[in-house]
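Asks: Submitted below is the structure of interest, expressed as structure tokens.
Nothing in this text is a laboratory measurement; each read-out follows from the coordinates by a stated rule. Everything quoted here is computed from the prediction, not taken from an experiment. Note that each Cβ is placed from the backbone with ideal geometry, even for glycine, and that neighbours are counted across all protein chains shown.
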Amino acid sequence: RAKEQGGGRLEVYAADMHAQVVGRLELQARLRQALADKEFTLEYQPVVDLESSQVTAVEALVRWRRTDPADGDGDGRAAERLLLPEEFIGAAEESGLIVPLGEWVLREACAKVALWRAAEWDIGLSVNLSVRQILSPRFVETVADALEESGLPARVLTLEVDEEVLLEDPGEAVERLSALRRLGVRLAIDDFGMGYASLAHLRELRVDEIKIDPSFVRDLGADGTVTLLTHTIVRLGQDLGVQVVAEGIERPEQLEKLRSMGCGHGQGFLVARPMAAAGVEALVGGGAGIPL
Ligand code: C2E
Ligand code: MG
Ligand code: MG
Ligand code: MG
């Protein structure tokens, strides 16, 4: 009986796995179509100087405005949903679609921020990269082209990479990132502190910015060890002359703590949520600060 049960369970697993693989392939096909149909859109989240509360940059964050076929609620209209990266970035990476998608993100964001800068607003731009993009054949040229087409100066563009970029093919990744730096763009390590060897990586990669992972900011004040580690990262940044941005600031106590540590920059729902370009223009366009 146990054997029968075991066999049955195996069949359930197999059916499950099959459904998962099919689901994955379907998602990849839909993503490809979505790129052709221009269903992707960008939101921008302001980054502020914690001392002056001025917005110094925006981080571009991709969303998928997905139109689902008419649902069964009787009105026969298609439903539109705004999907977050966690629902599709993995599939885009697996299928390689992250390469053209990432190129679109880069061009779109550079063009938008170039427009803002043309209107006398001194603002920077951060764009997230996947490993797969960085290792793709013409990536450095792609970045150079996006800058040239938009007229955006290289120094106002920051490219954010996770530490995992150094796991797959460290030699090649460091080579690419160095080439990008030679273009004049800035490099940031995203989600800093979460990787197993954050400090070692700082030596291999010359970076301009460190983004402290939100998990540190969340427990600031409440957890002594986390508070100490955060303070250490902030001081490390100061000693190395690297800009430090704290991510995921949601509560005033966290903001105060970070300010008292001398953390230079911050980002989070307390400061501003990610929003469409028009929302950014309405809130802080032209260089208005955010009262904090
Ligand atoms: P990330 O680069 O670490 O981006 C910050 C994420 O934290 C964003 O999630 C943002 O909405 C969220 N966030 C900001 N402030 C707060 C806060 O106070 N509380 C909380 N709970 N969350 C906050 P989002 O937009 O869902 O993006 C998730 C991740 O997807 C990003 O993490 C980034 O790694 C990736 N991603 C986003 N856009 C792109 C892209 O264009 N290309 C690539 N390759 N990855 C992207
Ligand atoms: Mg980021
Ligand atoms: Mg990231
Ligand atoms: Mg992050």
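Asks: So, R0 is 35 Å and r is the distance between the beta-carbons of LEU10 and THR232; what FRET efficiency does that work out to, to 0.05? Walk me through the numbers before you get to the answer.
Replies: Numbers: r = 49 Å, r/R0 = 1.41.
For LEU10 and THR232, the calculated efficiency is 0.10.
Asks: For the chain, calculate the relative contact order in percent as a whole number, restricting contacts to Cα pairs under 8 Å that are 6 or more residues apart.
Replies: On the way: 449 pairs, mean separation 54.9, N = 292.
Result for the chain is 19 percent.
Asks: Report the charge-dipole magnitude of region 34-100 in Debye, nearest 20, computed about the Cα centre from +1 at each Lys and Arg Cβ and -1 at each Asp and Glu Cβ.
Replies: Details: 6 positive and 15 negative charges, 46 e Å.
For this selection, approximately 220 debye.
Asks: Check LEU50: other-chain or 5+ apart residues with amide H under 5 Å from its amide H, H built from backbone geometry?
Replies: HIS265, GLY266
Asks: Another one. In whole angstrom, and with the biggest value first, how far do the Cα coordinates of the chain range along each principal axis?
Replies: Dimensions of the chain along the principal axes of its Cα atoms: 66, 46, 42 Å.
Asks: What is the Rg over Rh value, at two decimals, for region 30-144, using alpha-carbon atoms and the Kirkwood definition of Rh?
Replies: Values: Rg = 16.7 Å, Rh = 15.9 Å.
Ratio value, two decimals: 1.05.
Asks: On to the next question. Tell me the label-point distance for the pair GLU26, ARG206, using the 7 Å Cα-to-Cβ offset, in nm and rounded to one decimal.
Replies: Here the modelled spin labels are 5.0 nm apart.
Asks: While we're on this one: For region 165-292, treating each Cα as an identical point scatterer without solvent, what Debye log10 I(q)/I(0) comes out at q = 0.11, 0.23 1/Å?
Replies: -0.45, -1.30
Asks: Quick one: if you stick a label point 7 Å off each Cα along the C-beta vector at LYS38 and TRP104, how many nm between them?
Replies: Taking the simple label geometry, LYS38 and TRP104 are separated by 1.0 nm.
Asks: Moving on. Any idea how far apart ALA118 and ARG138 come out in nm if each label point goes 7 Å out from Cα toward Cβ?
Replies: Computed distance between label sites ALA118 and ARG138 equals 2.5 nm.
Asks: Placing +1 at every Lys and Arg Cβ and -1 at every Asp and Glu Cβ, with all other atoms neutral, what dipole size does the chain have around its Cα centre, in debye to the nearest 20? Don't jump to the answer; show the numbers that get you there.
Replies: Numbers: 31 positive and 49 negative charges, 25 e Å.
For this selection, approximately 120 debye.
Asks: Here's a follow-up. Where Lys and Arg each count +1 and Asp and Glu each count -1, what net charge lies around SER136 among other residues with Cβ under 13 Å from its Cβ?
Replies: Values: positive: ARG132, ARG138, ARG176; negative: GLU93, GLU103, GLU141, GLU168, ASP169, GLU172.
That sum, taken over residues with Cβ under 13 Å, equals -3.
Asks: State whether region 102-255 is rounded, prolate or oblate according to the following rule on the C-alpha gyration tensor (a ≥ b ≥ c being the square roots of its eigenvalues): a/c under 1.5 gives rounded; otherwise a/b larger than b/c gives prolate, and the remaining case gives oblate. Don't skip to the answer; put the middle values down first.
Replies: On the way: a/c = 2.23, a/b = 1.40, b/c = 1.59.
Oblate.
Asks: Sticking with this structure for a sec: Helix-only estimate, please: 222 nm mean residue ellipticity of the chain, summing -39500 (n - 2.57) across DSSP H runs of length 4 or more and dividing by its residues, to the nearest 500. Intermediate results must be reported in sequence, preceding the final value.
Replies: Working: 12 runs with 144 residues, N = 292.
The helix contribution divided over the chain gives -15500 deg cm²/dmol.
Asks: Also, quick follow-up: Measure nothing fancy, just the Cα-based angle from helix 224-240's long axis to the longest principal axis of the chain, in degrees from 0 to 90, nearest 10.
Replies: Helix 224-240 sits at roughly 60 degrees to that axis.
Asks: How charged is the neighbourhood of ALA19? Take every other residue with its Cβ under 14 Å from the Cβ of ALA19, and add Lys/Arg as +1 and Asp/Glu as -1. Mind showing how you got there, number by number?
Replies: Values: positive: ARG24; negative: GLU11, ASP16, GLU26.
It works out to a net charge of -2.
Asks: Subtract the Cα-Cα distance of HIS18 and LEU183 from 0.36 nm times their separation in residues, and report this length gain in nm to one decimal.
Replies: On the way: separation 165, 0.36 × 165 = 59.40 nm, distance 4.52 nm.
Taking 0.36 nm per residue and subtracting the Cα distance, the gain is 54.9 nm.
Asks: Of VAL105, THR67, LEU10, whose Cα points farthest to the positive end of the dipole of the chain (charges on the beta-carbon: +1 Lys, Arg; -1 Asp, Glu; origin at the Cα centre)?
Replies: Looking along the dipole axis, the top candidate is VAL105.
Asks: Separate question: Quick check: the angle from helix 139-150's long axis to the longest principal axis of the chain, C-alpha only, nearest 10 degrees?
Replies: The two axes meet at around 60 degrees.
Asks: Could you state the angle between the C-alpha long axis of helix 98-118 and the longest principal axis of the C-alpha atoms of the chain, as a value from 0 to 90 degrees rounded to the nearest 10?
Replies: Relative to the chain, helix 98-118 is tipped by roughly 30 degrees.
Asks: Taking H placed 1.01 Å from N in the peptide plane, check which residues at least 5 places from LEU187 or on another chain put their amide H under 5 Å from its amide H.
Replies: LEU159, ASP208, GLU209
Asks: Could you estimate the translational diffusion coefficient of region 146-211 from the Stokes-Einstein equation, with Rh from the Kirkwood formula over C-alpha pairs, at 4 °C and 1.567 mPa s, in whole µm²/s?
Replies: Details: Rh = 12.3 Å.
For the chosen part, D equals 105 µm²/s.
Asks: Would you please give the FRET efficiency between ASP223 and ASP49, computed as 1/(1 + (r/R0)^6) with r the Cβ-Cβ distance and R0 = 22 Å, to the nearest 0.05?
Replies: Details: r = 26 Å, r/R0 = 1.20.
With a Förster radius of 22 Å, E is 0.25.
Asks: Looking only at trypsin sites (Lys or Arg not before Pro) in DSSP loops with at most 15 other Cβ atoms within 10 Å, what is the longest site-free stretch of the chain? Could you put the intermediate results ahead of the total?
Replies: Details: sites that count: ARG1, LYS38, ARG77, ARG138, ARG206.
Within the chain, the longest run free of exposed trypsin sites (Lys or Arg not before Pro) spans 207-292.
Asks: Work out how much length LEU167 to ALA282 would gain on full extension: take 0.36 nm times their residue separation and subtract the Cα-Cα distance, in nm to one decimal. Before the final figure, lay out the partial values.
Replies: Numbers: separation 115, 0.36 × 115 = 41.40 nm, distance 4.09 nm.
The span from LEU167 to ALA282 would gain 37.3 nm if fully extended.
Asks: Another one. DSSP beta bridges in the chain, what fraction antiparallel, as a percent rounded to 5?
Replies: Numbers: 17 of 38 bridges.
Antiparallel: roughly 45 percent of the beta bridges in the chain.
Asks: Now a separate question. Which distance in Å, rounded to a whole number, links the C-alpha centroids of region 228-284 and region 91-167?
Replies: So the two Cα centres are separated by 22 Å.
Asks: Could I ask something else about it? Could you compute Rg(Cα) / (2.2 N^0.38 Å) for region 194-235, with N its residue count? Could the numbers behind the result be given before it?
Replies: Working: Rg = 11.1 Å, N = 42, 2.2 N^0.38 = 9.1 Å.
So region 194-235 has a normalised radius of gyration of 1.22.
Asks: Excluding GLN33 itself, calculate the net charge of residues whose Cβ lies under 15 Å from the Cβ of GLN33, where each Lys or Arg counts +1 and each Asp or Glu counts -1.
Replies: Values: positive: ARG30, ARG32, LYS38, ARG65, ARG66; negative: GLU26, ASP37, GLU39, ASP68.
Its environment carries a net charge of +1.
Asks: Still on this model: Arrange HIS231, HIS265, HIS18 by Cβ neighbour counts within 10 Å, fewest through most, would you?
Replies: The order, fewest Cβ neighbours first, is HIS18, HIS231, HIS265.
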